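What follows is a set of notes on a single structure, which appears directly below.
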Amino acid sequence: MWQPEPGWHPMPGGTSTTTVGVWRASIGDRPVVIKRLAAPAHYDPPELSDPRHFAFWRREADVASFRLLEGVPGVALTPTEVHEDAEGITLISDWVEDAANAGLFVVHALGRFAGADLAHVRWLARNQLRDRLERVERHGGWPTLERTTVADVAHELWRQRGKHLDELDALPQVAQHGDPTPANLPGRAGDLLIALDWACLGYGAVGADLGLYLLPAREEFEPLLDAYLLGLPDGLATRAQATRGAQITAVYTALTRAEWALARVAGGEGALLAKFRHPAVAPHLRALQRQFPAIEALLEG
């Protein structure tokens, strides 16, 4: 049975259905990050073995093995070794120092990357937001939000989700990182953004990566949109199309994350309102609050 070495130092986060853990370690004088992926068992959800689903378990390893992203615009990958065995895959990547990248630089790079030609690789993620909302639907939607002051808004947007997902499908489909959090976008090499964790790499609506990045961003939407558009290749999409892709992605992701955070604490003692300041909840509620202009835009049509 696979086990981490005693000298490896666990890093926060990084766990999912198939991610066993992430560790910082050294190989000789080389600082590295080690990530362990577990192969799905027969009792795991079938989506983990679906090459086009965002949760496909081995996509990050395949990105490194096939060197799919070598020479693409906007981003660079850290060198990664892939070691596969009967139980799963171990990824060993060079440690990336935090360059404290500004949000405008990040989204400009994501806009440039949107123009990458990833060909028709069968294991690229498609329909990420649709698949995520289908997973939410299987768990009952957003029931905890119905106990908050955004209940009416959440109810109406949940009712309209099919229309908005169809809007995303009709937008230009571009290369998408799929999980552009600041922790996954730490480094810089000249004018290239060094990005980590390509487990959700695929195609998505123009503006979708921008919408995901908006949630933890310090900057406001308009300057980020301008920087993203400057990065997009000429003629790929209009400002209105990128705006709509960002708005739909940001709003539905923010509502889903707020539901997830609130549901985790809702069962404890005390009123739900008193838990809004819980450290595991407050950041998600602040992110949702920042999306109110986008929510209004979606509700207006």
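From the list P283, P233, P216, which one is touching a Pro at 6+ places or on another chain (Cβ under 9 Å) and either closer than 16 Å to Q176 by Cα or among the hydrophobic types (A, V, I, L, M, F, W, C) (or both)? Steps first, answer last, please.
Working: P283 fails: either closer than 16 Å to Q176 by Cα or among the hydrophobic types (A, V, I, L, M, F, W, C) (or both); P216 fails: either closer than 16 Å to Q176 by Cα or among the hydrophobic types (A, V, I, L, M, F, W, C) (or both).
When all the criteria are applied, what remains is P233.
Residues in the stretch 1-48 that are in contact with a Leu (Cβ under 7 Å, 6 or more places away or on another chain), within 26 Å of W95 (Cα to Cα) and in a loop (DSSP other than H, G, I, E, B): T17, T18.
The single residue among A246, A227, A183, A242 that is of a type outside the set (F, W, Y), crowded, with 19+ Cβ neighbours inside 10 Å and under 14 Å from the mean Cα position of the chain (by Cα) turns out to be A246. Can you pull out every residue in the stretch 219-240 that is acidic (D, E) and either without any contact (Cβ under 8 Å) to a residue 60 or more places away in the chain or part of a helix (DSSP H, G or I) (or both)? Matches in the stretch 219-240: E220, E222, D226, D234.
A single member of V106, V136, V150, V96 is touching a Gly at 6+ places or on another chain (Cβ under 9 Å) and β-branched (V, I, T), and it is V96. The residues of the stretch 257-281 that are among the basic types (K, R) and free of Cβ contacts under 8 Å to residues at least 24 places away in the same chain, listed by number, are R264, K275, R277.
Read the figures in this text as sums done on the coordinates, not as results from a lab. Predicted model, so just to flag it, every value in this text is computed and none were measured. Note that we place each Cβ from the backbone using ideal geometry, even for glycine, and neighbour counts take in every protein chain shown.
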